[in-house]
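**Q** One structure is given below, represented as structure tokens, and several questions about it will come after.
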């Protein structure tokens, strides 16, 4: 019975030993598999990390390139805007200068037309004045008692006082064209008379007061200034010339003319008015 029990015990011990050996082997296998799995996982993680890093670098490079392109686009846009603004400014300036030049050209053409008309009127007035003088001379000759003496005598010319008075009377009745012809007769017959300056000024007044032809009047006023310096009529003509320059927008020359009145004609009747305009902020206001 003992022998049989021992045998059983030995068999049980052998069975237990085999089982224990089997368990350790399994553990080692599991550990190996775990190490392999961990190594594979680590390798995969490393590959994914490298891939992620590559993607990150690519994204960063793309971002840098995008920012560079955006900055360049912004600079190009600003440069384009600046160029367009500069071009627009030049166009506005060109248009303004062109408009100013055209306006001045139009004014000059109007002035030239007025002067041409004034010249034509002056020629017509001279013709009418000659006709009137001839008629007066014929009338005077016709009143003589001795017809033989009348035929051989020179045509009578009105006295300077009578002729200037006649011209002023015609002017006062607004017979401007007739008055201008009579003033012209006076200058033709008595160019050195002390009242010649009055006749020349009267011609200017027929244009300015009766007809409102300021360009023609100004051209005659300048004749008064040039031919009769030092006279009160020349100072008045210079004052009228300054006012005409103001209507043309030429304030610089107008101011110079006013100052000339004050300096060269201190006793003239228009000197107070000229001084008053000079002291204003705008002499043409």
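The values are calculated or read from the model by the stated rules, or taken from the named source; none is laboratory data. It should be emphasised that the depicted structure is a prediction, and the values quoted were computed from it without experimental measurement. Neighbour counts run over all protein chains shown; Cβ positions are idealised from the backbone, glycine included.
**Q** Could you list, in sequence order, the residues of the stretch 34-65 that are under 50 Å from the mean Cα position of the chain (by Cα) and at pLDDT below 80?
**A** none
Yes/no matrix, rows are residues, columns are (1) in contact with a helix residue (DSSP H, G or I) (Cβ under 6 Å, 6 or more places away or on another chain); (2) in contact (Cβ under 8 Å) with a residue 40 or more places away in the chain; (3) over 19 Å from residue 213 (Cα atoms):
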| residue | (1), (2), (3) |
| --- | --- |
| 236 | no, no, no |
| 244 | yes, no, no |
| 255 | no, no, yes |
| 260 | no, no, yes |
| 268 | yes, no, yes |
| 272 | no, no, yes |
| 276 | no, no, yes |
| 280 | no, no, yes |
| 285 | no, no, yes |
